[in-house]
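Remarks on the structure that follows.
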Amino acid sequence: MRRPIIAGNWKLNKTIPEAIELVNGLKRNLYKIENVDTIVCPPFTALSSIAEIILSSNIKLGAQDLFWEEKGAFTGEVSGPMLKDAGCSFVIIGHSERRQYFAETNETVNKKLKAALKAGLTPIVCVGEKLAERESGKTFDVVKDHVVSGFKEIGDADARKCIIAYEPVWAIGTGKTATPEQAQEVHEFIRNLFSKLYSSQTASLIRIQYGGSVTPENIAALMAKPDLDGALVGGASLKPDSFSELIKKTSEVKAK
Ligand code: PEP
């Protein structure tokens, strides 16, 4: 049985005091949750402050991006070993906003994926189609390309360590969620793809999150689907009550 995993992507939000307040609220609300992995991904500036606060909790820390080189003349970048040093155990790679605004490609995703694994971080690899791609029937082609190119030269043992986040771009921050059926269809496709690329065991172990306007109101129906193993959450992760609520609902649905 795959353990559900919910990650909050705070994006470009929260000063250090605001981040501390949010995570303290989560600690208070979530200390009883035992069957869901809860990850927070604050901006780089708040990582080490949050790392200290969550030491004695069931919350884990992730970063929103990393660079593939470990060190050197790369102004403004942050490497895998630096994220480990700051207390991270997870890192988001290839988020659609990185692809859209910062020219990330499947090739850079692949380099970052290798760097994250080398640093001992668990990558959360984002894949997903744009609206025009869905409307022209290209969803599976795009998702396949993101997975196949992103995982180029990644071995079976490493692939198993990764989390996939299926995030249809048209659903991110738009309030327009994929229906549970639409999400399940793509998650099943991704799992089958891992079976072909690796093995049926890897496919059955790999956790696939859904992302795109997840809220406390729609999470239960999404998590009831067999191939949805959690969520990557933007907007609803910025308030302790909404993020806690959707983790509690996931805990209930997946305990059944
Ligand atoms: C995201 O940023 O990955 C995301 C899914 O955002 P939102 O939940 O706000 O749609």
Candidate set: segment 145-190, residues that are among the β-branched types (Val, Ile, Thr) and modelled with pLDDT under 95; chosen: the one surrounded by the fewest Cβ atoms within 10 Å (Cβ to Cβ)
174
Selection within segment 4-43 - away from the ligand (no atom under 14 Å from the Cβ) and either among the aliphatic types (A, V, I, L, M) or part of a strand (DSSP E or B) (or both)
16, 19, 20, 22, 23, 26, 30, 33, 36, 37, 38
Listed by first then second residue, the pairs whose first member lies in segment 239-256 and is among the acidic types (Asp, Glu), whose partner is surrounded by fewer than 19 Cβ atoms within 10 Å (Cβ to Cβ) and part of a helix (DSSP H, G or I), with beta carbons under 9 Å and at least 6 positions apart or on separate chains, are 241/25; 241/29; 245/29; 252/220
Looking only at segment 215-256, count every residue that is near the ligand (Cβ under 10 Å from one of its atoms), part of a loop (DSSP other than H, G, I, E, B) and either crowded, with 18+ Cβ neighbours inside 10 Å or β-branched (Val, Ile, Thr) (or both) and tell me the total.
2
Anything in segment 191-214 that is surrounded by fewer than 21 Cβ atoms within 10 Å (Cβ to Cβ) and either part of a helix (DSSP H, G or I) or of a type in the set (Asp, Glu) (or both)? List them, or say none.
191, 192, 193, 195, 196, 197, 200, 201, 202, 203, 204, 205
Pick from segment 55-107, criterion free of Cβ contacts under 8 Å to residues at least 60 places away in the same chain, in a loop (DSSP other than H, G, I, E, B) and within 16 Å of the ligand (Cβ to nearest atom), ranking: nearest to residue 31 (Cα to Cα)
64
Can you tell me which residues in segment 44-54 are touching a Leu at 6+ places or on another chain (Cβ under 7 Å) and either on the phi > 0 side of the Ramachandran plot or outside any loop (DSSP other than H, G, I, E, B) (or both)?
47, 50, 51
Does residue 120 qualify as being assigned to a loop (DSSP other than H, G, I, E, B) and touching a residue at least 60 places away in the same chain (Cβ under 8 Å)?
no
Checking the structure you have, find out if any residue of segment 148-164 is within 16 Å of the ligand (Cβ to nearest atom) and charged (D, E, K, R).
no
Residue that is nearest to the ligand (Cβ to nearest atom) [pool: residues in segment 165-190 that are farther than 16 Å from residue 223 by Cα and in a helix (DSSP H, G or I)]:
171
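The values are calculated or read from the model by the stated rules, or taken from the named source; none is laboratory data. Just so it is clear, the model here is predicted, and its values are computed rather than measured. Cβ: placed from backbone, ideal geometry, glycine included. Neighbour counts: every protein chain shown.
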